[in-house]
Amino acid sequence: MRFIIQLIISTLAVLISSFLLPGVEVQDNNIFTAIIVAAVLAFLNAVVKPIMIVLTIPVTFFTFGLFLLVINALMIILASKLVDGFRVDGFWWALLFSFILSIVTSILENVKKRDENEEGNL
């Protein structure tokens, strides 16, 4: 159940972020495409990203961790290549999308936690 809730939050974050950025598009704001994008990003972040981090430890260390932002953008570009109906217009849009996606996801998760706390106090 927790995975499904997280997937819904990620889906909403993908839709909101793509709405805010003209360089990122979820075709026709299709909820099904956004669910697939959220699932693919979750898979890439769980499987591919740790491998990329290990392979780029020297560069990440040298850049004081800023290279992790590049890895995030690359994961989004890879997701755009894998999912039909999801388009990112280049590296800088992917980087900005990763920032906005993180912020929106954080806000939605905080709303969820606040609602859970209010339910527990009833």
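Couple of notes before you dig in:
- Check on Gly90, more than 15 Å from the chain's Cα centre (by Cα), surrounded by 15 or more Cβ atoms within 10 Å (Cβ to Cβ) and not hydrophobic (A, V, I, L, M, F, W, C): no
- Check on Thr11, closer than 17 Å to Leu101 by Cβ and of a type outside the set (A, V, I, L, M, F, W, C): yes
- Check on Phe97, in contact with a strand residue (DSSP E or B) (Cβ under 7 Å, 6 or more places away or on another chain), modelled with pLDDT of 95 or more, assigned to a helix (DSSP H, G or I) and among the aromatic types (Phe, Trp, Tyr): yes
- Applying the criterion of being surrounded by fewer than 16 Cβ atoms within 10 Å (Cβ to Cβ) and not aromatic (Phe, Trp, Tyr) to the residues of region 22-38, the residue that is farthest from the chain's Cα centre (by Cα) is Asp28.
The values are calculated or read from the model by the stated rules, or taken from the named source; none is laboratory data. The shown structure was predicted, so the numbers you read here are calculated from the model rather than taken from an experiment. Backbone-built Cβ (ideal geometry, glycine too); neighbour counts: all protein chains shown.
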